Amino acid sequence: MMKAWQYHEYGSVEVMKFATDVAIPEINNDQVLVKVVAAALNPVDYRRRLGQMKAADPPLPVIPGLDVAGVVVKVGSEVKGLKEGDEVYGDVNEKALDKPTKLGTLAEYVAVEEKLLALKPKNLDFVEAAALPLAIETAYEGLERANFKEGQSILVLNGAGGVGSFIIQIAKHVFGASKVAATSSTKKLELLKSLGADIAIDYTKEKFEELPDKYDVVYDAIGQPEEAVKAVKEGGCAVSITDFEKPIPPPGFGFVLTSSGSMLTKLNPYLESGKVKPLLDPRTPFPFEKVKEAFTYLESHRATGKIVIYPI
Ligand code: NDP
């Protein structure tokens, strides 16, 4: 038996219950069992709890949580690249919108497909590693899908959020952007610069779509699709990760992340060299007992970077 957070009905944070008698998940042949050390929260976790993904969801109860960092304690018969004792991290749901996982990471153990995991970067602790997977993979996949190239310019809407903090860093330090601009409120402008933004736009004072600067790519990580496309340069594009709520007009497109351990492995040199770093909210980590408080904070839309639950 293990401890886990669960919900048996859709609703606010109050539907979440802490259980101590949940069965430890069985693993399939292509999976490993991970002892969870730290888990990060993402907006998809509360959107789902609110019932916004009901159509695809398995029958309740659900254990929420997609991001994990932990230790492999059991290995399926088809697993080739991982062994017991390996320190791993990843987003445990390959396609969160199509087939949401029933047994997530806000639990002592989680069963995960080997292909969704990577070895934890040696320089990062479990809290830092848990802050990466879903957000950094989304940032990277969006830039690839936008065909972002060295020397191009980009505007990031919501540069201080979980995903945006990685878009800025990856655009600048992995792709070699010529110019990175990003939006946030006044008190986070310096943070945007420290992540690699050349231009920090205060959305409480300026409308980015009315400024003269236009960009090869506008990455909408907040839900301003109509405005985003207005800041695109001739021949450029806008990419949206909130497209399922508010469709983005051309030249914009939306996508939903496909989780992949190999993407994390590809980014590993940038993580181990410290060129790309996890951004932890100052209130992180929240202990396992305080998951409701952590979600309440995430749902305030004011978190800076990632919220991690630790120790589990
Ligand atoms: P966060 O909860 O981390 O974002 C919080 C940040 O939003 C805060 O730092 C806040 O900064 C900022 N913010 C709030 N309002 C504005 C605004 N008007 N302009 C700019 N910044 C603002 O979100 P995530 O980064 O985790 O996720 C972003 C969105 O992307 C969510 O809607 C999420 O569901 C979606 N998503 C989609 C994925 C996909 O595959 N399609 C994958 C991952 C996320 P401040 O205090 O300065 O306002």
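The values are calculated or read from the model by the stated rules, or taken from the named source; none is laboratory data. All figures in this text were calculated on a predicted structure; none of them were measured in a lab. Here Cβ is always computed from backbone atoms with ideal geometry, including for glycine, and neighbour counts include all displayed protein chains. The accessibility values were calculated without ligands, DNA or RNA, using every heavy atom of the protein model including side chains. Shrake-Rupley method; radii C 1.70, N 1.55, O 1.52, S 1.80 Å.
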Inset, instruction - Compute the relative contact order of the chain as a whole-number percentage, counting only Cα pairs closer than 8 Å that sit 6 or more residues apart in sequence. - result: 19
Legend entry - Nearest-10 value in Å² for the accessible area of T284, using the 1.4 Å probe: 20
Legend entry - Most to least accessible of S178, S259, S194 (protein chains only, probe 1.4 Å): S194, S178, S259
Inset, instruction - Go ahead and estimate [θ] at 222 nm for the chain from helices alone: -39,500 (n - 2.57) per DSSP H run with n ≥ 4, summed, over the residue count, rounded to 500. - result: -6500 deg cm²/dmol
Legend entry - Local electrostatic count at P58 - Lys and Arg +1, Asp and Glu -1, tallied over other residues with Cβ under 13 Å: +2
Legend entry - Choice from L66, L191, L116 showing the highest fluctuation, given a GNM over the chain with Cα pairs closer than 10 Å: L191
Legend entry - Stretch gain in nm, segment F244-E210, where the contour uses 0.36 nm per residue and the Cα spacing is subtracted: 9.7 nm
Legend entry - E26/V256 FRET efficiency (R0 25 Å; Cβ-Cβ; nearest 0.05): 0.35
Inset, instruction - For the chain, set up a Gaussian network in which alpha carbons nearer than 10 Å are linked by springs, and say which option among F126, F18, F288 fluctuates the most. - result: F18
Inset, instruction - Starting from 0 in steps of 10 Å, tell me what percent of the Cα-Cα pairs of the chain lands in each bin. - result: 6, 28, 35, 22, 7, 1
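At 1.4 Å probe size, with every protein chain present, just tell me what the per residue accessible area of region 246-312 comes to in Å².
48
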Inset, instruction - Obtain the nm distance between the two label points defined at A55 and E144 by a simple spin-label model: each point lies 7 Å from its Cα along the Cα-to-C-beta direction. - result: 2.7
Inset, instruction - Could you pull the accessible area for R145 with a 1.4 Å probe, rounded to 10 Å²? - result: 120
Legend entry - Label-point separation in nm, K275 to E94, each point 7 Å along Cα→Cβ: 3.0
Legend entry - Accessible heavy-atom area order of K172, K149, K95, highest first, probe of 1.4 Å: K149, K95, K172
Inset, instruction - Could you please state how large a percent of the accessible area of region 97-188 is carbon and sulfur, counting protein chains only and using a 1.4 Å probe? - result: 48
Legend entry - Protein accessible area in region 1-96, 1.4 Å probe - carbon and sulfur %: 50
Inset, instruction - Only bridges with both residues in the chain count here: give the DSSP antiparallel percent, nearest 5. - result: 55
Inset, instruction - Leaving ligands, DNA and RNA out of it, report the carbon-plus-sulfur percent of the accessible area of region 245-312 at a 1.4 Å probe. - result: 58
Inset, instruction - Would you give the gap between the C-alpha center of region 50-75 and the C-alpha center of region 163-181, rounded to a whole Å? - result: 30
Inset, instruction - Mind jotting down the distance between the C-alpha centroids of region 85-99 and region 1-39, whole Å? - result: 14
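Restricting attention to region 179-236, which trypsin sites (Lys or Arg not before Pro) occupy a DSSP loop and are surrounded by at most 14 other Cβ atoms within 10 Å?
The qualifying sites are K205, K207.
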Legend entry - Table column - 3J(HN,Hα) (Hz), region 215-227, Karplus curve with 6.51, -1.76, 1.60, x for Gly and Pro: 10, 5, 9, 10, 9, 8, 10, 9, x, 10, x, 5, 6
Legend entry - Helix 162-173 axis, angle to the chain major axis (alpha carbon atoms, nearest 10°): 60
Inset, instruction - Skip the ligands, DNA and RNA, and give the accessible area per residue of region 83-230 with a 1.4 Å probe, whole Å². - result: 39
Legend entry - S178/V15 FRET efficiency (R0 51 Å; Cβ-Cβ; nearest 0.05): 0.60
Inset, instruction - Sum up the charges of everything whose Cβ sits under 9 Å from the Cβ of L116, counting Lys and Arg as +1 and Asp and Glu as -1, but leave L116 out. - result: -3
Inset, instruction - Hey, can you find the accessible area per residue of region 3-81 for me, probe 1.4 Å, expressed in square angstrom? - result: 43
